[in-house]
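Heads up, the thing below is written out as structure tokens.
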Amino acid sequence: MSWVVLALAILCEVSATLSLRMASTPRATGTPSRLWYLAVVAGYAASFVLFSLVLRMGIGLAISYGIWTAAGVALTAIAGRVFFKEPFTRVMVIGTLAIMLGVVLIELGQG
């Protein structure tokens, strides 16, 4: 169950970050930017509350935070490419994979 909560925390954080991007370009949508800012605050608040639950459920800080950040970086970069046509170059892919490898090494190092 703790892994499901961690996944929800990640999705809330990525949603908040994408909402922040939308809030910074209000002309791109018909939605006033203040509504996007509400989504930013709600998403980050939910993410932190869920993350604190993950820690309370027993997943260690190093691994849970590592997964949270690595998945957040990867999902945000991919979503930026899909929704905002931002670059996601080979070098960026390698960097994202390096972050993920670092998380795996942290997990293996706890061992």
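Here, each number is a calculation from the coordinates, and none is a lab measurement. Computed from a predicted model, the values in this text were never measured in an experiment. Reconstructed Cβ throughout: ideal geometry from the backbone, glycine too, with neighbour counts over all protein chains shown.
Computed from the mean reciprocal separation of all distinct C-alpha pairs, what Kirkwood hydrodynamic radius does the chain have, in Å?
Working: mean 1/r = 0.0668 Å⁻¹.
Averaging 1/r across every pair of different Cα atoms and inverting gives 15.0 Å.
Got the relative contact order for the range 2-109 handy, in percent, Cα pairs under 8 Å and 6 or more residues apart? Present the calculation step by step, with values, prior to reporting the outcome.
On the way: 100 pairs, mean separation 32.8, N = 108.
The value is 30 percent.
Summing -39500 (n - 2.57) over the DSSP H runs of n ≥ 4 in the chain and dividing by its residue number, what mean residue ellipticity at 222 nm do you reach, to the nearest 500 deg cm²/dmol? Before the final figure, lay out the partial values.
Values: 4 runs with 91 residues, N = 111.
Value at 222 nm, helices only, nearest 500: -28500 deg cm²/dmol.
Arrange the peptides 5-17, 92-104, 39-51 so that the one whose residues have, on average, the most other Cβ atoms within 10 Å appears first.
Most protected by this proxy first, the peptides run 5-17, 39-51, 92-104.
Along the Cα→Cβ direction, 7 angstrom out, place labels at ARG81 and VAL104. What is the inter-label distance in nm?
With each label point 7 Å from Cα toward Cβ, the separation is 1.9 nm.
Quick check: net charge around VAL14, other residues with Cβ under 15 Å of its Cβ, Lys/Arg +1 and Asp/Glu -1? Write out the running numbers ahead of the final one.
Values: positive: ARG21, ARG81; negative: GLU13, GLU86.
Once positives and negatives cancel, what remains is 0.
With a sphere of radius 14 Å drawn around the Cβ of ALA39, what net charge do the other residues whose Cβ falls strictly inside it have (Lys, Arg +1; Asp, Glu -1)? Before the final figure, lay out the partial values.
Numbers: positive: ARG21, ARG34; negative: GLU13.
So the environment of ALA39 carries a net charge of +1.
For ALA7 and SER24 in the same chain, what is the full-extension length gain: residue separation times 0.36 nm, less their Cα-Cα distance, in nm?
Working: separation 17, 0.36 × 17 = 6.12 nm, distance 2.59 nm.
Computed gain between ALA7 and SER24 is 3.5 nm.
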